[in-house]
Amino acid sequence: MTFMPRLTEAVARYRSEIAGSREHLSLLRWQIEQGHALDRRETFPGHVTTSAFVLSPDHAQILLIDHVVIGRWLQPGGHWEEADRFHDSAAREAVEETGVQDLALHPWHGGGDVPFAIDSHDVPGKPARGEPAHVHHDLQYLFLADPARPLVAQVEEVHAAAWKPVEELAAIAPRALARIAMLAPLG
């Protein structure tokens with residue numbers, strides 16, 4: 001299945017099975033209906049990104065990056081790159097940015113590709129690149145990894161990668177934190 005049918009299916013399933021009553025995803029759905037090339041970073045007003053919430057097995061810690069451009073701690077992620085599944089793109093970003101080892105898709109996903117959360121958020125433009133302010137439609141996935149394993153931050157994109165208390169998500173991704181809080185820790 002190509003990108004757009006997979007995206008259409010993932011968004012439809014997310015809305016019917018996961019989304020809260022206030023998660024309309026109106027711009028994303030409109031762009032899908034209009035046939036926008038959401039897999040291309042030069043598509044405006046928005047395009048798809050993927051990110052990874054990497055949890056310790058006990059769900060007490062979350063792997064975060066200190067993002068060079070944004071200047072704050074966030075979950076690893078980036079622009080969608082060709083992959084068989086959206087969560088594969090998110091996993092690749094997490095491994096590239098942090099060097100996390102033995103990353104595993106969280107059992108919550110049941111091996112499927114429905115996002116844990118979808119967050120459409122504004123991104124400032126980059127005038128030097130001729131890039132206007134736009135929207136990232138971020139498909140977010142849950143993963144597990146061992147926080148005792150060493151990390152290697154990708155210094156071109158991140159200042160650091162570190163395990164932080166999961167409560168740090170309150171300022172970054174409150175919807176994801178609330179959903180994580182409802183999951184039973186593993187192990």
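The values are calculated or read from the model by the stated rules, or taken from the named source; none is laboratory data. Note that the structure is predicted; figures quoted are calculated from it, not measured. Glycine also receives a Cβ, built like all others from the backbone with ideal geometry; neighbour counts cover every protein chain displayed. Accessible surface areas use protein heavy atoms only, side chains included; no ligands, DNA or RNA. Shrake-Rupley method; radii C 1.70, N 1.55, O 1.52, S 1.80 Å.
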message = Under a Cβ-only charge scheme (Lys and Arg +1, Asp and Glu -1), can you give me the dipole magnitude of the stretch 30-187 about the Cα centre, in debye to the nearest 20?
response = 300
request  = Could you state the accessible area per residue of the chain in Å², with a 1.4 Å probe and every protein chain left in place?
outcome  = 49
key: Ordering of 100-107, 116-123, 139-146 by burial proxy (mean other Cβ atoms within 10 Å per residue, highest first)   = 139-146, 116-123, 100-107
Cα→Cβ-extended label distance, 7 Å offset, between Ile70 and Glu156, nm = 1.9
task = Just need log10 I(q)/I(0) for the chain at q = 0.14 Å⁻¹, Debye formula, equal scatterers on the alpha-carbon atoms, no solvent, rounded to two decimals.
result = -0.76
ask   = How far is the Cα center of the stretch 121-145 from the Cα center of the stretch 10-77, in Å?
value = 8
task = Please list 37-48, 155-166 highest first by mean number of surrounding beta-carbon atoms within 10 Å per residue.
result = 37-48, 155-166
remark   = Given Cβ charges of +1 for Lys and Arg and -1 for Asp and Glu, the option among Gln61, Gly112, Leu28 whose Cα lies farthest towards the positive end of the dipole of the stretch 27-116 is Leu28
ask   = Taking 0.36 nm per residue of separation and subtracting the Cα-Cα distance, what length does fully extending Gln34 through Glu9 add?
value = 7.4 nm
Cβ crowding within 10 Å averaged over residues, with 75-87, 15-27 ranked highest first = 75-87, 15-27
remark   = Per-residue ellipticity at 222 nm attributable to helices in the chain (runs of n ≥ 4 DSSP H, -39500 (n - 2.57) apiece, nearest 500 deg cm²/dmol) works out to -7500 deg cm²/dmol
note = Note to self: Kirkwood Rh of the stretch 87-187, Cα pairs, one decimal, Å, is 15.4
ask   = Which whole-number percent gives the relative contact order of the chain, counting Cα pairs below 8 Å spaced six or more residues apart?
value = 26
Cut-off under 5 Å, modelled amide H: who pairs with Gly46 long-range = Val135
key: Carbon and sulfur %, accessible surface of the stretch 1-153 computed with the full protein complex present, 1.4 Å   = 52
